[in-house]
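Okay, structure first, notes after.
Computed from the coordinates by the stated procedures, all read-outs in this text should not be read as laboratory data. Owing to the predicted nature of the structure, the values given are computational and were not obtained by experimental measurement. Note: ideal-geometry Cβ built from the backbone for every residue, glycine included; neighbour counts use all protein chains shown.
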Amino acid sequence: MSHTQSIVIVSDRKYADLLSPLTIDNARIVHLHAGGSELIAAMEPNEPDIVILDCGADANGGITILQELKTLRNDLPVIFLTDASSEETVLKAFKGGAREYFRKPVDLLELQQTVERILFLRRGGRESRGSLKEFAPDFTGMPGNLPPNLPSAISRAVMHIHDNFNGTLYLDDLARAAHLSKFHFCRNFKHYIGVSPMRFVNMVKIRKAEALLLQADVTISTVAYNLGFNDQSEFTRQFKSIIGVSPSAYRRSRLY
């Protein structure tokens with residue numbers, strides 16, 4: 001019998017209607033409007049696989065809730081939605097453990113696809129849980145969909161990458177997360193994902209960089225530093241390799 005995954009949407013009641021059209025096949029969506037200890041108490045019985053946190057204009061309040069959720073369950077993927085846009089807000093959200101960051105108004109299709117990717121990974125990793133072909137990554141952009149037959153070992157590694165993208169990730173760490181030797185991990189990862197593990201790490205980091213670069217007051221060096229790159233030149237090289245243009249050119253094309 002297949003497990004019905006649970007999505008919890010946390011928002012102020014005045015924002016509830018904004019995400020009501022969101023539907024995910026074979027998933028249960030629960031809306032919560034509590035805060036503090038009441039939210040934690042309401043969260044636990046629902047055993048969420050993912051949380052969508054819509055904090056509206058109260059970004060600081062949202063950061064506080066995010067930290068409470070990650071304290072409750074560090075492996076819980078949280079998608080952070082806010083009306084606010086500032087360097088401090090974006091960086092605090094990612095440093096606080098947000099899996100993804102969306103500035104409102106949100107493209108519901110993009111949000112749905114993001115939720116589906118995360119739920120797919122959690123299904124694959126559940127076998128040892130205690131977080132390409134038809135679904136090939138888009139190599140002109142970011143890693144998008146993943147193969148329907150992704151083994152649990154590779155799912156665990158991919159979740160580890162997404163949960164630790166803002167630090168320095170080593171091949172040994174990823175192989176350990178997959179419970180495989182480095183040789184078998186690299187071979188299996190390339191077979192199922194289509195790129196090497198470290199290439200995929202950089203693809204995930206660059207995808208996060210896109211969100212940060214859309215905040216006009218966030219410097220490129222700050223983006224590089226907060227995504228775990230050694231220096232700005234290495235960040236620029238990887239960004240151009242994956243996206244096709246430099247970070248500054250990407251920012252100009254999207255903001256001006």
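What the phi angles of the range 165-175 give under the Karplus curve with 6.51, -1.76 and 1.60, with θ = phi - 60°, is a coupling list of 5, 8, x, 8, 9, 10, 4, 4, 4, 5, 5 Hz, glycine and proline written as x. Taking all Cα pairs closer than 8 Å and separated by 6 or more residues, the relative contact order of the range 132-256 comes to 25 percent. For the chain, adding -39500 (n - 2.57) for each run of n ≥ 4 DSSP H residues and dividing by the number of residues yields -15000 deg cm²/dmol at 222 nm. In plain terms, the residue of Val245, Val158 with the fewest other Cβ atoms within 10 Å comes first and the most crowded comes last, giving Val245, Val158. Taking Cα centre as origin and charging only the Cβ of basic (Lys, Arg, +1) and acidic (Asp, Glu, -1) residues, the dipole magnitude of the range 19-63 rounds to 80 debye. The charge dipole of the chain, taken about the Cα centre with unit charges on the Cβ atoms of Lys, Arg (+1) and Asp, Glu (-1), comes to about 900 debye, rounded to the nearest 20. By the count of neighbouring beta-carbon atoms within 10 Å, fewest first, Leu76, Leu171, Leu69 end up ordered Leu171, Leu76, Leu69.
Taking square-rooted eigenvalues a ≥ b ≥ c of the alpha carbon gyration tensor, is the chain rounded, prolate or oblate, where a/c under 1.5 means rounded and, failing that, a/b exceeding b/c means prolate? Because a/c hits 1.5 or more and a/b fails to exceed b/c, the chain counts as oblate.
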